[in-house]
Every structure is written in structure tokens, then in C-alpha cells.
1. Take the alpha-carbon centre of the range 234-287, take the same for the range 172-212, and report the distance between them in whole Å.
2. Roughly how many debye, to the nearest 20, is the charge dipole of the range 3-308 about its Cα centre, given +1 on each Lys and Arg Cβ, -1 on each Asp and Glu Cβ, and no other charges?
3. Could you put 38, 263 in order, starting from the residue whose Cβ has the fewest other Cβ atoms within 10 Å?
4. Could you give me D for the range 56-168, from Stokes-Einstein at 37 °C and 0.692 mPa s, where the hydrodynamic radius is the Kirkwood radius over C-alpha pairs? Units µm² s⁻¹, please.
5. Given a Förster distance of 22 angstrom, what is the FRET efficiency for residue 157 paired with residue 279, based on the Cβ-Cβ distance and rounded to 0.05?
6. Express in nm, to one decimal, how much length is gained between residue 91 and residue 300 on full extension, taking 0.36 nm for each residue of separation and deducting their alpha carbon distance.
7. At 222 nm, what helix-only mean residue ellipticity would the chain give, in deg cm²/dmol to the nearest 500, using -39500 (n - 2.57) for each DSSP H run of four or more?
8. How long is the gain from residue 35 to residue 173 if the chain were fully straight, where each residue apart is worth 0.36 nm and the alpha carbon distance is subtracted?
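Nothing in this text is a laboratory measurement; each read-out follows from the coordinates by a stated rule. Source: prediction; values computed, not measured. Cβ placement follows ideal geometry from the backbone for every residue including glycine, while neighbour counts extend to all protein chains displayed.
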Amino acid sequence: MNFTARYGTLFGLFVILGVFAALSPGSFAQASNLINITQQSSLLAIVALGATCVMVLSEFDLSVGAVVSWAGILAVSLFAQGWGIPATVLATLLSSAMVGCISGYLVSRLRVPSFIATLAIGTVVGGFTFWISDGATLFGNIPPGFRDLGRGSLAGVPVLTLWAVAMTTLCVVLLDYTESGRRMAAIGGNREAARLTGVPIVRSTVLGFAICTLFAGLVGLLLVARLGSAHPTGGNGFLLQAYAAAFLGMTAFRGGDANALGTLLGAVIIAVVANGLTILGVPNYMQDILTGLIILAAVLVRNVGRGRE
């Protein structure tokens, strides 16, 4: 793989940073704003990292937005019933992972296309979320200690940024340095060949989907910790942006393969663009247009690099 295909997207990030710094040096280029960007990209990065684990399998999970909403509503509801922090966190994460287990089983054992399976499961989860919340935003009864999970900073670094770094490290280790990660990549490369070589298709697929929704559940918890409330549609905005970050990350480092570091880079690019355009006073609809064009440009750069190779 040549230099352009491997590092073109990273170079693009520096170009974007330079452009916004030149256009708004008094606001964008400040250290406090750059730190704020890392915090803004953190939750998106975590959801996108979970999606990356499914994309390694050459599948998709469209339930992640619904799971983010579910996790937030469930956590606040359990707090309202007097549950403690450890029990609430454990129950929320287990229920989130179980959603992925069901989707993974449908896809791997029953051979339901992942688009259909996860869209259906996400719809069911969304229905339960509205049932529990009665369609209303839930406030109150959130322990102060729980809020520390999503607020404040450590040594000047926002807590949410540290969460994103930790989850990226975990994802890198899982996908690149464990047998489970290699099995998932083998399934994504050629499912039938992986089966013939003894790779446990169902178990590995279920694991990938479970990690995806587990990460989404974690983001739901962190959103509650940060905002002090939960809304039944609070996670809907993560779905498309998470996959945009993951696809953008596929243009970096691996030349077309889903990878954790590339996904983190994709999430940062999306956050930088949103932050810079907001500072410049660009309307939201123009932000969507420009973000889409940047992603398309990154893909074209990747394809040009691979074509030259």
C-alpha cells in the first residue's frame, strides 16, 4: 500500500485543521477548543468503534442508535427505583449486549441479512424504550457519583476523552492481537473459507454484534452521566454518523479494511468539521452537505491511491 492510501485521510485532517485555524485563529485554534473537540468526538467514536467490530465481519448493525436510547432510559428508570450505581451499570450493559447477541444469532445461525435483522431488533428495542419512558424525557434520582463518569476532567483531559481512548485501545487489542479478532476478520474476508478452516462462525459473529451494542450501551450511560437526563430518542443521531466515521476510517491505515484507529480518526474529522463550521456560523444544513462531501473526497483519495498501487 502506498503512502497516499495509508495516510491520505490523516493528512486530510491536518489540512482541515489548518483551514479552520486560518479562518478563525482567535476561536478555533485555541487549545481549549481543540480539547473540546476531543470531548465532542468521544461518544461518537465509541459507538463507531462498536460498529467497526461488526463491519470487520462484513455486516452492519442498525440498532445502535436505539440501544443508546434504551441504555439511557433504562439507567434512569433503575435509579428511580433505588438501584445502586454498580447494579444499574451492570444491568444496562448486559441488556445492551444481549441485544447484539440476538442480532448476531439471527445473522449467523438463521442467516437473516444483518440490515433486516438489526433494523427489526432496533425497532423492538425502540418500542420498549418508549414503553418504559412513556415517550417522555426522564430526569432526577441520578447519583452524583454516577455523573462523574461523564463530566469533569483528569489532568486537564476531559473524562469523556479518556473513555474514547480506553475504548479505542480495547478495540485495537481485540481486533489486532486476539484470536477472536482474527476469527472475526476471517469471517468478514470469506465466511465459507473461515467455516471450512474451523472458525466458529456463530460464536464469533455473536461476539462482534454483542461488542457493538455493548459499546452503544456504554454511550447511553455516559450520555446520562453528562446530561443528567435521558430521552427515548436521544441516541438516534448516532447511527448515521457512527457509520460515516467507520467508513471514513476505512480510508486510513488499512486501505479499505475496517480498523479501530481509522474509526477514531474518522470520528475526530467529523467532530472537527462540525466544530469549525459552527464557529464560522455556517447553517446546520450546510454542515451536513460539507461533511458528506469530505467523506466522499476521502473515499476518492483512497481509491486513487489504491489505483496507483
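1. Centre-to-centre (Cα) distance: 26 Å.
2. Computed about the Cα centre, the dipole is about 580 debye.
3. With the sparsest Cβ surroundings first, the list reads 38, 263.
4. Translational D for this selection: 209 µm²/s.
5. Rounded to the nearest 0.05, the efficiency is 0.50.
6. Full extension from residue 91 to residue 300 adds 70.9 nm.
7. Estimated from H runs of four or more residues: -25500 deg cm²/dmol.
8. Separation in residues times 0.36 nm, less the Cα-Cα distance, equals 47.1 nm.
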